[in-house]
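S.K.: Got a structure for you, written out below as structure tokens; questions coming shortly.
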Amino acid sequence: MKLLEEQIIQDPGGRGVGALLVPGDLEAGARALGAAQRVLILTGFAVGPNAIPETDGPPGALFLGRALAGLGKQVTFATHWNCEAVLAAGMAALGLWAPLEAVGHGDDPVWLLERHKPDLVVAVELPGRAPDGNYYSMRGLCISERVSLLDGLLPAAGARGLTTLGVGDGGNEAGMGKVFDRVRAAIPRGDLIASIIAADHLIAAGTSNWGCYGLLAAMDRNLVPSPAEELLVLDAINRAGAVNAHSLTPEPIVDGLDQAVYLQMLSDLKGVQSR
Ligand code: CA
């Protein structure tokens, strides 16, 4: 039986993400989530020429937050100003209430640490800055004008002794700084897009939503959402404008992956033991 970390890093999108696996980090990240009391969840990635939020990130972040809230933890979501409506729509669809903070372009988000006092910060599919200070899409497009500085919360949290997690699938996300050299070597345009923002625990996956579900499976496989729940959230965020990052169309597709393949992972994770 495959380990969970190997299960979620299946790469139907052919990104080369397998090179970014950090053995043991999924288990360690799940343990850290289990021990945390107050969790700040960061997500949101606006894609295409019109900077529309994509369907990878919010579902994983929302189900992660739902599970943690269900375990009695204090959960806060934060996103970029241009992804707020998508997160809010997903929360409403799940009947999930938690603070949702939106950060503007250029704003220093460190106040989030003061206001919500997290002991753990997790970034899910969150643009992470490159060595030149800019943010890049997988295709190498500079997207600095459409993102907030939320990725800066990982080093700010680390400096305060808080635990940090990063979930990503491409190398340009916050947290990937942990494997910076590997992103540069293994990912197309890695020398341009690789993020310098590291996390204590890095969860690399075929899509970032899968990374979140791997974390949930490592905690308790019953926490993994069913395909029906996933489709409910995808429909809600599509209605709020979220698009498949490959087609730039609002449809219940994540990262251009075949929907049956994408949903099968959720069913598989519910049936896979963590060791
Ligand atoms: Ca993705």
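The values are calculated or read from the model by the stated rules, or taken from the named source; none is laboratory data. Remember, it's a predicted structure, so these values are computed and weren't measured experimentally. Reconstructed Cβ throughout: ideal geometry from the backbone, glycine too, with neighbour counts over all protein chains shown. Each accessible area value is taken on the protein alone, full model and side chains, heavy atoms only, with ligands, DNA and RNA left out. Shrake-Rupley method; radii C 1.70, N 1.55, O 1.52, S 1.80 Å.
S.K.: Identify, by number, the condition in (1) under 27 Å from Gly256 (Cα atoms); (2) touching a Leu at 6+ places or on another chain (Cβ under 8 Å); (3) among the hydrophobic types (A, V, I, L, M, F, W, C); (4) open to solvent by 10 Å² or more (accessible area, probe 1.4 Å) that Met176 doesn't meet.
M.R.: Every listed condition holds for Met176 apart from (4).
S.K.: Please state which of the following conditions Asp200 fails to meet, knowing it meets all the rest: (1) away from the ligand (no atom under 16 Å from the Cβ); (2) over 19 Å from Glu125 (Cα atoms); (3) open to solvent by 60 Å² or more (accessible area, probe 1.4 Å).
M.R.: If we test Asp200 against (1) away from the ligand (no atom under 16 Å from the Cβ); (2) over 19 Å from Glu125 (Cα atoms); (3) open to solvent by 60 Å² or more (accessible area, probe 1.4 Å), just (2) comes out false.
S.K.: Can you tell me which residues in region 82-133 are in a strand (DSSP E or B), of a type outside the set (Val, Ile, Thr) and open to solvent by less than 30 Å² (accessible area, probe 1.4 Å)?
M.R.: Glu101, Leu120, Ala123, Pro127
S.K.: Let me ask something additional. Can we say Leu150 is away from the ligand (no atom under 16 Å from the Cβ), in contact (Cβ under 8 Å) with a residue 12 or more places away in the chain and either open to solvent by less than 10 Å² (accessible area, probe 1.4 Å) or among the hydroxyl-bearing types (Ser, Thr, Tyr) (or both)?
M.R.: Here the answer is yes, as Leu150 does meet what is asked.
S.K.: I'm checking my understanding of the structure. Among residues of region 155-197 that are in contact with a Lys or Arg (Cβ under 9 Å, 6 or more places away or on another chain) and at positive phi, which one is farthest from the ligand (Cβ to nearest atom)?
M.R.: My answer is Arg189.
S.K.: Among the listed residues Pro53, Pro59, identify the single one that is open to solvent by 10 Å² or more (accessible area, probe 1.4 Å) and modelled with pLDDT of 95 or more.
M.R.: Of Pro53, Pro59, the one residue that is open to solvent by 10 Å² or more (accessible area, probe 1.4 Å) and modelled with pLDDT of 95 or more is Pro53.
S.K.: Would you check which residues across region 111-154 are touching a Lys or Arg at 6+ places or on another chain (Cβ under 9 Å) and among the aromatic types (Phe, Trp, Tyr) and list them?
M.R.: Listed by number, the residues that qualify are Tyr135, Tyr136.
S.K.: Exactly one condition in (1) part of a loop (DSSP other than H, G, I, E, B); (2) surrounded by fewer than 18 Cβ atoms within 10 Å (Cβ to Cβ) is false for Gly34; which is it?
M.R.: If we test Gly34 against (1) part of a loop (DSSP other than H, G, I, E, B); (2) surrounded by fewer than 18 Cβ atoms within 10 Å (Cβ to Cβ), just (1) comes out false.
S.K.: Of the conditions (1) in contact with a Lys or Arg (Cβ under 9 Å, 6 or more places away or on another chain); (2) surrounded by fewer than 16 Cβ atoms within 10 Å (Cβ to Cβ), Arg239 clears all except one; give me its number.
M.R.: Arg239 satisfies every listed condition except (1).
S.K.: Let me confirm something: among Leu20, Leu26, Leu40, which residue is of a type outside the set (Ser, Thr, Tyr), within 16 Å of the ligand (Cβ to nearest atom) and under 17 Å from Glu173 (Cβ atoms)?
M.R.: Within the list Leu20, Leu26, Leu40, the selection yields Leu20.
S.K.: Then there's this: Identify all residues within region 195-215 that are β-branched (Val, Ile, Thr) and under 10 Å from the mean Cα position of the chain (by Cα); write none if there are none.
M.R.: Of everything in region 195-215, those that are β-branched (Val, Ile, Thr) and under 10 Å from the mean Cα position of the chain (by Cα) turn out to be Ile203, Thr207.
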